[in-house]
Amino acid sequence: MRLKFTTQKTLEKLQQKAQKTIQRSLDQHIKLAVTGFSGSGKTAFITALVKHLTTQANSQNLPFFDVVRDHRLIACKLVPQKVLDIPTFDYLSAAACLLAEDPTWPPSTERINTLTLALKFRSNSGVRQHFSDDHTVYLELIDYPGEWLMDLPMLNMSFEQWSLSQLKALSEPAFSKYCQPLLSQLNQFNTQAPVDSAALDALSKQYCALLKTLKYETRLAKLQPGRMLIPGDLAGAPIIQFFPLPSHGEIIEGTQYEELVKRFEAYKKQVIEPFYKEHFCAFDRQLVLVDLLGALNDGPATLVQTQQALRETMGMFNHGKSGVLQRLFKPKIDKVLFAANKCDAVAITEQDNLTRLLYELLCEHENELKFAGVEVDTMTISSVKSCQHKQVQDQGKALNCVYGKPLNESQFITFLPPEPPDHVLLPSSWPEQGFEFLSFYPMPAFQGQLEHIRLDHTLQFLIGDKLR
Ligand SMILES: Nc1nc2c(ncn2[C@@H]2O[C@H](COP(=O)(O)OP(=O)(O)OP(=O)(O)O)[C@@H](O)[C@H]2O)c(=O)[nH]1
Ligand SMILES: [Mg+2]
């Protein structure tokens, strides 16, 4: 019975794959990776994308998205999922949050979910034009907890390597007030003692508590293992109960150390690998959302760690130029957009600084991608506007402020945001008082219409060529 069920499921998957391959061969299926750590704005972006394409696709809203500007987009709608074992992205609930009278942000994501949009359009390209009047392109997106993305680089590490890198990150002076007590305990932990599940359990709980504290108190991205924070259906399972340990000699059977190595390897094989293989291979295009403002608020150590974490995770994707056959059977990402998100919370005149800062953070990686034949761009965006630009006169000087309702407050305010740096500052040149960018509620939607900054440029860069 079970065998029959498995065979049926495998058959369905093969059928789906075959169908996608045919669609890909006709350039009709695009799998877009929306990449970003927790809080970078993936869910808000996907919601805004669906909202704009399904109900606000006009040339006032999306003037730089060619298919819309040229009045060639006939219609766009969400279509039922082909993948039956992944929940569908709950667009209606997410949109309801943004469109409420007192709008709020959709909640942080706790599980993987997916959606497919069908875009029906008239072609203006020579070859396509002659086949039929209109064409349909399917755009597939997945949303997932940002913490799970940060797990991917663990696949390339041994327990010892992971421990070293994790302990290095936790030992940064900027985080020592949170990490020091546990680090001392880990240093004293008797790794050679026989396996004691209760002791491992207790220390895992403390490590998990530390990761939670770091998540709420800092914008540190490297919080591994991600399932400790968002366990999904693994809550309480020993496979997610491990923690980093200082360097160690020979691994002796039956010891605490060996038990942690086993759990770490099982986590890689049974949790990260299937997630990676199922969902993170076979993308065609990639958007990398980066919350630079959060990192700047947090300080120089977080900015550097964000840079490292981005490099590590980007290394897990398959980039390069795809030939026709490769695109069919082993697609590679041939366009990557790095986007500093939430730029609406910065004065309009300073938004370019964010682009330059992001470019500097990622330019080495960008160079490698370009060398591999990938088209890359960097820009600042805001998928959902939470502030309006407002100019205020002060003693004869024009100040570029933002106007919005800060999170957890009840009144709209006019605020002069700090000036973001346009390059990576050395810790010694960091402003003494640090940066304090505010987070705001989404702007109330006027007549049910959301506003954005450069969502149209983003769409044009990522999928515009498939809609010609
Ligand atoms: N100003 C501004 N803030 C945004 C925007 N998008 C998201 N935010 C803020 O960022 C927070 C996180 O956004 P999400 O879309 O939940 O981020 P996520 O990447 O899905 O996070 P996880 O689900 O935890 O992985 C929101 O609650 C907002 O405070 C935006 O376009 N502009
Ligand atoms: Mg989310």
Subject >> Per residue accessible area in Å² of segment 152-276, where ligands, DNA and RNA are left out and the probe is 1.4 Å >> reply: 46 Å²
Original post:
So, with +1 on the Cβ of K and R and -1 on the Cβ of D and E, and no other charges, what is the size of the charge dipole of segment 280-395 about its Cα centre, to the nearest 20 debye?
Top reply: 520 debye
Original post:
What base-10 log of the normalised intensity I(q)/I(0) is obtained for segment 319-468 from the Debye formula, alpha carbons as equal point scatterers, at q = 0.12, 0.14, 0.21 Å⁻¹?
Top reply: -0.66, -0.84, -1.31
**OP:** Can you grab the distance from the C-alpha centre of segment 202-226 to the C-alpha centre of segment 267-327, Å, no decimals?
**Re:** 20 Å
**OP:** Determine, for each peptide in 42-48, 388-394, 63-69, the mean count of other beta carbons within 10 angstrom over its residues, then list the peptides with the highest first.
**Re:** 42-48, 63-69, 388-394
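With only alpha-carbon atoms in the gyration tensor, what are the semi-axes of the equivalent ellipsoid for segment 152-276, in Å, largest first? Spell out each step's value before the answer.
Working: eigenvalues 82, 67, 39 Å².
Three semi-axes, in Å: 20, 18, 14.
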**OP:** Give me the percent of DSSP beta bridges within the chain that run antiparallel, rounded to the nearest 5.
**Re:** 60 percent
Subject >> Dipole moment magnitude, nearest 20 debye, the chain about Cα centre, only Lys, Arg, Asp, Glu C-beta charged >> reply: 1680 debye
Original post:
In the chain, what percent of the accessible surface is made up of carbon and sulfur (1.4 Å probe, ligands and nucleic acids excluded)?
Top reply: 53 percent
Subject >> lysines with Cα under 26 Å of Lys177, excluding same-chain neighbours fewer than 8 positions away >> reply: Lys168, Lys205, Lys212, Lys215, Lys222
Original post:
So what is log10(I(q)/I(0)) for the chain at q = 0.10, 0.12 1/Å, when the Debye sum runs over its Cα atoms only?
Top reply: -0.81, -1.14
Original post:
If you place +1 on the Cβ of every Lys and Arg and -1 on the Cβ of every Asp and Glu, how big does the dipole about the Cα centre of segment 152-276 come out, in debye to the nearest 20?
Top reply: 580 debye
Subject >> Mean ellipticity per residue at 222 nm, deg cm²/dmol - from DSSP H runs of n ≥ 4 across the chain, formula -39500 (n - 2.57) >> reply: -12000 deg cm²/dmol
Subject >> Mean Cβ neighbour count within 10 Å, used as a protection proxy, ranking 276-289, 182-195 highest first >> reply: 276-289, 182-195
Original post:
Quick one: Karplus J couplings for segment 114-121, per residue in order, coefficients 6.51, -1.76, 1.60, θ = phi - 60°, nearest Hz, x for Gly and Pro?
Top reply: 9, 8, 10, 10, 9, 10, 9, 8
Subject >> Cβ-based charge dipole, segment 152-276, positive-most Cα from Met154, Ile239, Gly254 >> reply: Met154
**OP:** Using the Kyte-Doolittle scale, find the helices of the chain whose mean hydropathy is at least 0.5 and whose Cα atoms extend 15 Å or more along the helix's long axis, counting only whole DSSP H runs.
**Re:** 42-55
Original post:
If the cut-off is a Cα-Cα distance under 22 Å, which lysines reach Lys370, setting aside same-chain residues fewer than 8 apart in sequence?
Top reply: Lys31, Lys321, Lys330, Lys332, Lys335, Lys466
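The values are calculated or read from the model by the stated rules, or taken from the named source; none is laboratory data. Everything quoted here is computed from the prediction, not taken from an experiment. So basically every Cβ, Gly included, is an ideal-geometry build from the backbone, and we count neighbours across all protein chains shown. When the accessible area is computed, the model is the full protein with side chains, heavy atoms only, and any ligands, DNA or RNA have been set aside. Shrake-Rupley method; radii C 1.70, N 1.55, O 1.52, S 1.80 Å.
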